[in-house]
Amino acid sequence: MNRNYKVLELDKILELLVAETSCDDAAALARSLEPSSDIMAAQRMMADTSAAYLLMARFGSPSFAHIKNITDPLRRAQAGSSLSMRELLEVAETLRIIRSLYDWHNNCAGEGTCLDDRFNALSPNKYIEEKIRGAILSEDEMADSASPELSHIRRKMREASSRVREKLDKMTRSAEYQKYLQDPIVTIRSGRFVVPVKSEHRGEVAGLIHDTSSSGATVFIEPIGVVEANNELRVLMSKEKAEIERILSALSVEVGGFSEAIIEDYHLVVELNFIFAKARLAYKMKAVEPTLTEDGNIILTKARHPLLDPETAVPINVELGGKFDTLVITGPNTGGKTVTLKTIGLLTLMGMCGLMPPVGDGSVISVFDEVHADIGDEQSIEQSLSTFSAHMTNLIRIIDQADNKSLVLMDELGAGTDPVEGAALATAILERLRMKGARIAATTHYAELKAYAIHTPGVENGSCEFDVATLRPTYRLLIGIPGRSNAFAISERLGMDAALVERAKQLVSSESQRLEDVVMKLEERRQSLESQLEQAEHLRQTAQTAGQKAEQQLVELEIMREKEIERAKVDARRIIQRARSESEQLINELDTLRKEKNSADFTQRAQDAKSRLRSRLREVEDAIDPVLNKRKTEYKLPRELMAGDEVLIVDIDKKGVVISPTDGNGKVSVQAGIIKTRVGIDNLRLLNEQTGKKSTPQSAAVRTLKGDSSRGVRALRTELDIRGLMTDEGILELDRFLDDAVMTGIDLITIIHGKGTGALRVAVHQHLRKHPLVKSFRLGVFGEGENGVTIVELK
């Protein structure tokens, strides 16, 4: 592998990719993966990975388990060789995987991706797969059903074996022979049935000796009486072997006929396994597809080094190649400078390999012809023992090879020699690489390079933030701000004598001191602005939340207003209906009296009618102004109201909670739902806090009036829900509802009885058929509740 790629640890990423593959050939593809400098090829590889990632997210990962390279057996079968049962089973397993992948893709219908051509190119061969599976049970066993001849031979073998065993079993159970036997068992030697005979009695059992025990105490004899049967069994075993070989040969010929197609499918499966391995790796890294370009611009948002623990790694934001082509990163040791360099280089290489890097949305990675790295790292990721000479050798090579299509990463540029000469040499190297048009990121401790970045267009400072208070790096990368080594602050914090530290500060050149002072002021200003920005963002979020809450309250108030208007309309309709009914009744009575004015008791009846008229008019007036009626109800608070008391606002018949006690004007602040209002004390009733009921007898009058009013409102409902009631209870509620509906002039009502077993629906229909107030009824249609409701038309 290219040395630069190893320095940036691409080989470790590829090993992680190998672990996600399912076969050796896919693993080989993963190990041989190289970054592509061709933008089209890199975008194509990235598109493959992204397509597999999206398919896995929606449909799960397809299975590539147990896939093996069967190219060699297939080539031999194509040439006419006979394959073993193990090889044929591997062919069948490969065909099963091909078929399962093809079916998996068909189940992803509607998701057109760049992988469709490869999935559609698969050619499942279920005929060969099932033929092999039906004939071969395992690597060592052929099924009886593999051929009629094999089944016939094995049946004869079982019969011959049974006859031999039967004869030998009689011998082992015979008292005549048991005394000669070592054990009363039947065993097999050299494919023939024998019995174990004691060595000293070998002459007592007539037959052929096939074996002797290791101790010599036992000989295994084939009695003369079963020799012929054993011979027959051996002949059948030879026939069985020949038939198995014939079956294997026939299967191999058939497999050989499809070998080219199967080999092509196998290579497609290996390629798909490799692509889905990249997708699985991206899923584990929580990676995102970046935008690939070739303009040399790099924008990494929330980028993490993929070899660091994602739970503890601090994401960084990096830009390079846009407003500036060179980034000079400074800061204290162990602050994350080298990790930042490696993150830039490694994520760029991953993008060029078609691997999704662990970055945030909106990230951009450029494709380069070469990525050069001179990183000697003794402090964080991987130890390196490079000397100054080795560094210079690498830098000379990089300078010779770099061009405007190169990304150059240099760690501790100019270190390892005299600081003055090292800083000058580092500046010259940066100038030469910039002249060649390379994109550069370098780390350093030299103040001269910080000043060079400040004064040179196209060169930008970057720093790894360090918290002096805790002596810990934050690992945040700050673009546009030079870093400080913080050597004096760290030393003093660790306990070094303050006078000694002050003397060291005096020894620093005035120019370096001025630069450090500028950097310190810039850092203080940045932290102040960052704190103000956080406060402003907090205030913005608070204001946004308050605005959303206010909008929600406005919506709720509008809903409540509409409900109250509708409620008022219902009350008005009820009052008008009642007044009309009373008026008609009074007119009828007056007509009756007019006709009977000559009767003897006319005067008395007229007085009674006038009295009833006045009484009913008062009732109608009371009904027209129920609020006035409620206010006239005599009521006295049992005690002074306190914050937290639950009260009833009489005129709107709504419960509320006291916020503050009575003021000098007799007003009380009350929270009713989302509304805060001030209510006169004579318009409030104290509720029992434990039971939620009115606490005085006087309030019972209000409760009675409210019950009458609510019954009038309930009569105007057009729906009755009797789900969960017994049949008798439901019919009783139905009768009441029908009476109220007719009294209020409603023509069409809905009975909700539910579906369930249908018993309640049947009872409702039977009752409606006989009811004198019902004109017709029907079951609901779609959108009305279907057969869970009944629509009733009244006369």
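The values are calculated or read from the model by the stated rules, or taken from the named source; none is laboratory data. Everything numeric here is computed off the predicted structure, so don't read it as measured data. To get the accessible areas, we keep the full protein, side chains included, count just its heavy atoms, and leave off ligands, DNA and RNA. Shrake-Rupley method; radii C 1.70, N 1.55, O 1.52, S 1.80 Å.
Restricted to Cα atoms, the stretch 128-210 shows a radius of gyration and a Dmax of 18.4, 58 angstrom. Taken over the stretch 1-152, the convex hull of the Cα atoms encloses 162 Å³ per residue.
Ordered by solvent-accessible area of protein heavy atoms (1.4 Å probe), largest first, the residues Arg432, Arg717 come out as Arg432, Arg717. Seen from all directions on average, the stretch 176-223 presents a Cα convex hull projection of 3.0 nm².
Cross-linked pairs Lys12/Lys405; Lys302/Lys549; Lys12/Lys342; Lys323/Lys450; Lys563/Lys676: Cα-Cα separations exceed 21 Å for Lys12/Lys405; Lys302/Lys549. Normalised by residue count, the stretch 89-157 yields a Cα convex hull volume of 81 Å³ per residue. Across the stretch 146-277, Cα-Cα distances exceeding 20 Å account for 60% of all pairs. Solvent-accessible surface of the stretch 103-160, averaged per residue with a 1.4 angstrom probe and all protein chains in place: 56 square angstrom. When the Debye formula is applied to the Cα atoms of the stretch 50-91, each taken as the same point scatterer, what base-10 log of I(q)/I(0) results at q = 0.23 Å⁻¹? Rounded to two decimals, the profile gives -0.73.
Compared with the direct C-alpha span, the chain from Gln178 to Asp682 gains 169.6 nm at full extension, assuming 0.36 nm per residue. For the stretch 224-266, carbon and sulfur atoms together expose 59% of the accessible surface, with a 1.4 angstrom probe and every protein chain in place. Take every DSSP beta bridge whose two residues both sit in the stretch 277-431; close to 40 percent of them are antiparallel. Taking the square roots of 5 times each eigenvalue of the Cα gyration tensor of the stretch 43-127, largest first, gives ellipsoid semi-axes of 30, 13, 11 Å.
Counting only the Cα atoms, the stretch 264-339 fills a convex hull of 135 Å³ per residue.
Accessible surface of the stretch 323-372, 1.4 Å probe: 45 percent of it comes from carbon and sulfur atoms. Each listed q (0.20 Å⁻¹) maps to a log10 I(q)/I(0) for the stretch 199-299, found by the Debye formula over equal Cα scatterers with no solvent: -1.08.
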